[in-house]
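Participant: Dumping the structure here so I can ask a few things about it.
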Amino acid sequence: MYENEYSVFDPAALTLLGTVPDFGEADVARAVEAAERAAVQWSRDLEVRRVLMRQAAEQVRAHQADIASTLTLEQGKPVRDAMAEVGVCADLLDYYSTLPFEDTVHLPERSGRTPRVQYRPVGVVGAITPWNFPLSLLMVKTAPALLAGCTVVARPSATTPMSTIQLFEALGRVLPGDVVQVCTGQDRTVSVALANHPGVRKLSFTGSTGVGISLAQRALGTVKRVTLELGGNDPAIVLEDVNIEAVARQLMGSAFKNSGQVCMAAKRIYVPESIASSFVDAAAAVIDEFTLGHGLEPDTSHGPLHNQSQLQVVSGLVDEARAAGGRVVTGGRAAEVGLPGYFYEPTLVADCRAGMALVDQEQFGNALPIVAYRDLDDAVAQANDSEFGLGASVWGTDLERADDVAGRLEAGTVWVNQHTVVELDAPFGGWKQSGLGRERGRAGLDPYLEPRTINVAEAL
């Protein structure tokens with residue numbers, strides 16, 4: 001038992017799931033010091049790390065069902081989505097365990113000098129993650145850090161800590177002690193402590209732009225390396241030559257995945273005026289097929305919003321859009337599913353325009369605006385008129401034209417005829433205020449490495 005603990009609740013049934021430690025600054029300091037000690041041995045042998053990472057992936061798969069069940073209970077997502085998320089964690093460990101990487105690179109000899117570049121682990125990593133994909137977003141930081149030879153102190157979201165504890169327990173069955181640790185807390189104490197502690201040499205944060213900026217400013221005090229994966233208001237531009245029903249089905253699947261609580265989900269759809277009415281009808285028909293309920297129920301396609309605050313944000317944005325002339329096609333109110341949790345009907349709002357908060361802001365929930373456009377250049381300009389630049393997509397049968405439009409969008413990832421698809425080996429991150437640095441692929445490993453040049457000259 002810990003001196004201080006706090007409670008974790010099911011967002012669908014609002015029942016108590018259990019309690020977890022509420023760590024303070026001194027607890028974080030002890031964890032960081034233990035991570036520093038563990039790093040001495042962990043950083044020594046790259047090939048040993050590769051083997052242990054593959055064994056850790058096997059442990060994650062062996063406990064996949066139990067971890068996924070806990071994730072569904074504390075986050076709300078359907079259990080099949082939770083199973084997929086845990087599976088991604090194992091895939092990331094496998095991917096990085098086999099990533100080609102040499103910790104020493106010899107450069108060509110020149111004029112009696114023999115230079116080489118060594119790549120050494122940056123040190124202890126503080127990994128801070130949100131509640132929407134708490135496990136995969138943590139592993140996208142942890143796996144490359146482990147390959148680099150770093151140790152990791154994780155601070156999960158206050159509302160989704162239990163699955164993170166289980167995930168790191170699975171890793172801890174094969175990794176040496178204190179290589180990975182979890183510090184849970186119900187406020188920002190742990191996050192701030194990680195940002196401030198001089199022993200934390202790298203901070204990797206996923207979450208809101210405001211919090212990310214605040215933590216980065218703190219990290220600057222000890223000149224930490226910082227990676228930020230922040231918010232997004234991701235546009236999708238539909239061209240007039242599409243198969244309307246097929247594109248509507250795919251876009252609704254993206255926009256309402258995890259009840260819309262996805263940083264890179266399609267959050268505003270730009271549709272030509274000539275097909276807008278047909279597109280809205282097709283999209284509404286897809287939404288009508290959704291089944292809301294508890295994530296552990298096999299027929300559930302969509303769970304609740306994660307918390308009361310997010311429910312208020314989403315409902316408020318819909319109410320504001322309705323008052324400003326938006327047409328609520330389907331949804332637009334709290335959902336009655338026989339549970340007391342934070343359920344809101346998947347909502348489609350037509351006749352939207354720039355200036356509406358539902359269009360201009362990241363709603364991070366299950367409400368989607370449709371903006372009709374007459375001029376494609378204007379649609380591209382509207383899509384780019386945002387402080388964010390995380391993801392975007394273009395949909396069209398003429399691939400050359402669609403690809404040309406994709407090249408005009410200001411985002412770290414632009415999809416053509418798909419959305420919310422991420423690759424293990426492709427860098428992911430944002431432009432503008434959507435982030436700093438990249439995760440996944442080789443680009444996701446480099447932030448955890450410090451290059452050191454050793455240049456040897458012939459003896460005098």
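The values are calculated or read from the model by the stated rules, or taken from the named source; none is laboratory data. Bear in mind that the values here come from a model prediction, so they are computed numbers and not experimental data. With ideal geometry, Cβ positions are generated from the backbone for all residues, glycine too; neighbour counts draw on all protein chains shown.
Participant: Which condition from (1) at pLDDT below 95; (2) touching a Gly at 6+ places or on another chain (Cβ under 9 Å) is the one that D22 breaks?
Facilitator: Failed condition: (1).
Participant: Here's a follow-up. Residue by residue through region 162-187, note down the ones that are of a type in the set (D, E, K, R) and part of a loop (DSSP other than H, G, I, E, B).
Facilitator: R173, D178, D187, listed by residue number.
Participant: Which residues, counting only those in region 317-328, are touching a residue at least 40 places away in the same chain (Cβ under 8 Å) and closer than 25 Å to P340 by Cβ?
Facilitator: Within region 317-328, L317, V318 meet the criteria.
Participant: Conditions: (1) more than 25 Å from F133 (Cβ to Cβ); (2) without any contact (Cβ under 8 Å) to a residue 40 or more places away in the chain; (3) of a type in the set (D, E). E289 meets all but one. Number of the miss?
Facilitator: All conditions pass for E289, except number (1).
Participant: Consider E439 against the criteria (1) assigned by TED's automatic domain parsing to the domain that holds I275; (2) in contact with a Gly (Cβ under 7 Å, 6 or more places away or on another chain); (3) closer than 20 Å to A265 by Cβ: it satisfies all of them except one. Which criterion is unmet?
Facilitator: Here E439 clears every test but (1).
Participant: (1) closer than 18 Å to M252 by Cα; (2) surrounded by fewer than 18 Cβ atoms within 10 Å (Cβ to Cβ); (3) not polar (S, T, N, Q): which one isn't true of A323, the others all being true?
Facilitator: Of everything listed in (1) closer than 18 Å to M252 by Cα; (2) surrounded by fewer than 18 Cβ atoms within 10 Å (Cβ to Cβ); (3) not polar (S, T, N, Q), A323 misses just condition (1).
Participant: Restricting the first residue to region 1-29 and requiring it to be at positive phi, which pairs with a second residue that is assigned to a loop (DSSP other than H, G, I, E, B) meet a Cβ separation below 7 Å and a spacing of at least six or different chains?
Facilitator: Pairs that qualify, where the first residue is at positive phi and the partner is assigned to a loop (DSSP other than H, G, I, E, B), are L14/P340; L14/G341.
Participant: Please state which of the following conditions A357 fails to meet, knowing it meets all the rest: (1) in contact with a helix residue (DSSP H, G or I) (Cβ under 9 Å, 6 or more places away or on another chain); (2) closer than 30 Å to C150 by Cβ; (3) in the same structural domain as D281 (by TED's automatic domain parsing).
Facilitator: Single failed check for A357: (2).
Participant: Can you run down the residue pairs with Cβ atoms below 8 Å, 6 or more apart or on separate chains, where the first is in region 180-198 and under 20 Å from M139 (Cβ atoms) and the partner is among the basic types (K, R) and modelled with pLDDT of 95 or more?
Facilitator: V182/R155; C183/R155; T184/R155; V190/R155; S191/R155; L194/R155
Participant: Can I ask one more? Select, from V125, V105, V88, the only residue that is under 22 Å from T227 (Cα atoms), in contact with a strand residue (DSSP E or B) (Cβ under 8 Å, 6 or more places away or on another chain) and either among the aliphatic types (A, V, I, L, M) or surrounded by fewer than 19 Cβ atoms within 10 Å (Cβ to Cβ) (or both). Give the derivation first.
Facilitator: Values: V105 fails: under 22 Å from T227 (Cα atoms); V88 fails: in contact with a strand residue (DSSP E or B) (Cβ under 8 Å, 6 or more places away or on another chain).
On inspection, the qualifying residue turns out to be V125.
Rundown of residues vs (1) of a type in the set (A, V, I, L, M, F, W, C); (2) at pLDDT 95 or above, yes/no style:
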{"site": "R80", "(1), (2)": "no, yes"}
{"site": "L99", "(1), (2)": "yes, yes"}
{"site": "T104", "(1), (2)": "no, no"}
{"site": "M139", "(1), (2)": "yes, yes"}
{"site": "S157", "(1), (2)": "no, yes"}
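Participant: With the requirement that a residue be under 22 Å from E289 (Cα atoms), more than 20 Å from the chain's Cα centre (by Cα) and of a type in the set (F, W, Y), what does region 340-395 give you?
Facilitator: Matches in region 340-395: Y342, F343, Y344.
Participant: Among the residues in region 166-189, are any under 16 Å from the mean Cα position of the chain (by Cα) and farther than 21 Å from V122 by Cβ?
Facilitator: No.
Participant: Just need a number here: residues in region 329-339 that are loosely packed, with under 15 Cβ neighbours inside 10 Å and either in contact (Cβ under 8 Å) with a residue 60 or more places away in the chain or in a loop (DSSP other than H, G, I, E, B) (or both). Don't jump to the end; show me each part of the working.
Facilitator: From region 329-339, those loosely packed, with under 15 Cβ neighbours inside 10 Å are 333-334, 336, 338; that's our starting set.
Still in the list and also either in contact (Cβ under 8 Å) with a residue 60 or more places away in the chain or in a loop (DSSP other than H, G, I, E, B) (or both): 333, 336, 338.
Residues that pass the stated criteria total 3.
Participant: Could you say which residue among A350, A381 is buried (at least 18 other Cβ atoms within 10 Å of the Cβ) and in the same structural domain as V318 (by TED's automatic domain parsing)?
Facilitator: A350 is the lone residue from the list that is buried (at least 18 other Cβ atoms within 10 Å of the Cβ) and in the same structural domain as V318 (by TED's automatic domain parsing).
Participant: Counting just the residues of region 227-273 that are of a type in the set (D, E, K, R) and surrounded by fewer than 24 Cβ atoms within 10 Å (Cβ to Cβ), which one comes out nearest to the chain's Cα centre (by Cα)? Show your work before the answer.
Facilitator: Initial filter on region 227-273 (of a type in the set (D, E, K, R)): 229, 234, 240-241, 245, 249, 257, 267-268, 273.
The next check asks that each one be surrounded by fewer than 24 Cβ atoms within 10 Å (Cβ to Cβ); those that pass are 240-241, 245, 249, 257, 273.
Values: E240: 31, D241: 32, E245: 29, R249: 23, K257: 13, E273: 33 Å.
That would be K257.
Participant: Just checking, which of L317, L296, L305 is assigned by TED's automatic domain parsing to the domain that holds E362, surrounded by fewer than 23 Cβ atoms within 10 Å (Cβ to Cβ) and either modelled with pLDDT of 95 or more or over 27 Å from S208 (Cα atoms) (or both)?
Facilitator: After applying the criteria, what remains is L296.
Participant: A further question on this structure: Whether any residue in region 39-48 is in the same structural domain as T160 (by TED's automatic domain parsing), within 30 Å of L305 (Cβ to Cβ), surrounded by fewer than 24 Cβ atoms within 10 Å (Cβ to Cβ) and not acidic (D, E) is what I want to check. I'd like the intermediate steps shown before the answer.
Facilitator: From region 39-48, those in the same structural domain as T160 (by TED's automatic domain parsing) are 39-48; that's our starting set.
Cutting the leftovers down to within 30 Å of L305 (Cβ to Cβ) gives us none.
For region 39-48, residues in the same structural domain as T160 (by TED's automatic domain parsing), within 30 Å of L305 (Cβ to Cβ), surrounded by fewer than 24 Cβ atoms within 10 Å (Cβ to Cβ) and not acidic (D, E): absent.
Participant: For the subset of region 112-154 comprising residues that are hydroxyl-bearing (S, T, Y) and touching a helix residue (DSSP H, G or I) at 6+ places or on another chain (Cβ under 7 Å), which member is farthest from V211 (Cα to Cα)?
Facilitator: Among them, the one singled out is T151.
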